[in-house]
1. Identify all residues within the stretch 35-46 that are part of a helix (DSSP H, G or I), among the hydrophobic types (A, V, I, L, M, F, W, C) and either open to solvent by 10 Å² or more (accessible area, probe 1.4 Å) or under 20 Å from ALA81 (Cα atoms) (or both); write none if there are none.
2. Please go through the stretch 105-142 and pick out each residue that is in contact with a strand residue (DSSP E or B) (Cβ under 8 Å, 6 or more places away or on another chain), free of Cβ contacts under 8 Å to residues at least 60 places away in the same chain and either of a type in the set (Asp, Glu) or part of a loop (DSSP other than H, G, I, E, B) (or both).
3. Please count how many residues of the stretch 1-22 are open to solvent by 20 Å² or more (accessible area, probe 1.4 Å) and at pLDDT 90 or above.
4. Take TYR100 and tell me if it is assigned to a loop (DSSP other than H, G, I, E, B), under 30 Å from ILE58 (Cβ atoms) and either free of Cβ contacts under 8 Å to residues at least 40 places away in the same chain or among the aromatic types (Phe, Trp, Tyr) (or both).
5. Taking into account only those residues within the stretch 47-67 that are over 18 Å from the mean Cα position of the chain (by Cα) and open to solvent by less than 50 Å² (accessible area, probe 1.4 Å), which is farthest from SER85 (Cα to Cα)?
6. Test of understanding: among ARG72, ARG101, which residue is under 22 Å from the mean Cα position of the chain (by Cα) and closer than 20 Å to LEU194 by Cα?
7. With out of contact with any strand residue (DSSP E or B) (no Cβ under 6 Å at 6 or more places or on another chain) and not in a strand (DSSP E or B) as the only criterion, which of ASP148, ASP204, ASP210 stands out?
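The values are calculated or read from the model by the stated rules, or taken from the named source; none is laboratory data. Please read these numbers as outputs of a predicted model, since none were measured by experiment. Note: ideal-geometry Cβ built from the backbone for every residue, glycine included; neighbour counts use all protein chains shown. The area values use the complete protein model at the heavy-atom level, side chains included, leaving out ligands, DNA and RNA. Shrake-Rupley method; radii C 1.70, N 1.55, O 1.52, S 1.80 Å.
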Amino acid sequence: MNSHSFLTLIPARGGSKGIPRKNVCLFAGKPLIVHSIEQASASRHVTRVAVSTDDDEIAEVSFASGATVVWRPADISGDTASSESALIHALRDLEVNEGYRPDFVVFLQCTSPLRKADDIDAAIGKLLDQQADSLLSVSPSHRFLWADVNGQATSLNYDYRNRPRRQDMPQQYVENGSIYVFRREILLEGGNRLGGKVAMHVMDEDASWDIDTPFDLRIAEMLMNERTGA
């Protein structure tokens, strides 16, 4: 066990378009946000869990699951508000009202319920071992990426005129949005969840599934049932 304090912050506003009331919709028998709260609470390193929300139901569910609730102002709760704005507000709120200043923040998005508590501990361990300032979770990617550049289809991560075998390509990773860990100062001074020396925690592809649409929800429930044998 290390001597650092790790605060898990889970932003969860009430509005959502892809899936109405997404953050509290039932997933594997529990409101979606509860999975992230329980995963953080099961971590060996996390010392406190807090949810930033503007919604009464999310607040009630989060509090009942053992999380501190930080009420988010309306001006940073809309569709265009960044996650960073909610994280910064929560840190400042806890400092002003409680004098609480964690060393590190573990930022979880509750739309990634298939992560494991072990993933959180492994991510924190990687950041500490590498003496990094911030960390993001990623999944291996072997995809050939293209973009439309001024009306011209353009290959981004390989030369289509000399197509490599996938196994011969340099290992690449995709940011999966499940876990971020960073020093408190990185966020407050830079306004970004990533900065300084950045490390990566590699997760299995199925544990990286992100829920944004009803289709995503069905696939994630299928993966969860496969994991639990339900």
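1. Step one: list which residues in the stretch 35-46 are part of a helix (DSSP H, G or I), which gives 35-42.
Next, only the ones that are among the hydrophobic types (A, V, I, L, M, F, W, C) stay: 37, 40, 42.
Residue satisfying the conditions is ALA42 alone.
2. HIS142
3. Taking the stretch 1-22 as the starting set, the residues that turn out to be open to solvent by 20 Å² or more (accessible area, probe 1.4 Å) are 1-5, 11, 13, 15-18, 20-22.
With at pLDDT 90 or above added as a condition, the list becomes 4-5, 11.
Of the residues in the stretch 1-22, 3 are open to solvent by 20 Å² or more (accessible area, probe 1.4 Å) and at pLDDT 90 or above.
4. On the way: assigned to a loop (DSSP other than H, G, I, E, B): yes; under 30 Å from ILE58 (Cβ atoms): yes; either free of Cβ contacts under 8 Å to residues at least 40 places away in the same chain or among the aromatic types (Phe, Trp, Tyr) (or both): yes.
Against the criterion (assigned to a loop (DSSP other than H, G, I, E, B), under 30 Å from ILE58 (Cβ atoms) and either free of Cβ contacts under 8 Å to residues at least 40 places away in the same chain or among the aromatic types (Phe, Trp, Tyr) (or both)), TYR100 qualifies.
5. If we filter the stretch 47-67 for residues that are over 18 Å from the mean Cα position of the chain (by Cα), which is where we start, we get 54-57, 59-61, 63-66.
From the residues that got through so far, the ones that are open to solvent by less than 50 Å² (accessible area, probe 1.4 Å) too are 55, 59, 61, 65.
Working: ASP55: 17, ALA59: 18, VAL61: 23, SER65: 24 Å.
Here the answer is SER65.
6. Details: ARG72 fails: closer than 20 Å to LEU194 by Cα.
Going through ARG72, ARG101 in turn, the sole match is ARG101.
7. ASP204
For (1) closer than 25 Å to SER85 by Cβ; (2) among the charged types (D, E, K, R); (3) open to solvent by less than 40 Å² (accessible area, probe 1.4 Å), each residue gets a yes or a no:
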{"site": "GLU175", "(1), (2), (3)": "yes, yes, no"}
{"site": "ARG183", "(1), (2), (3)": "yes, yes, no"}
{"site": "LEU188", "(1), (2), (3)": "yes, no, no"}
{"site": "ALA199", "(1), (2), (3)": "yes, no, yes"}
{"site": "ASP206", "(1), (2), (3)": "no, yes, no"}
{"site": "THR228", "(1), (2), (3)": "no, no, no"}
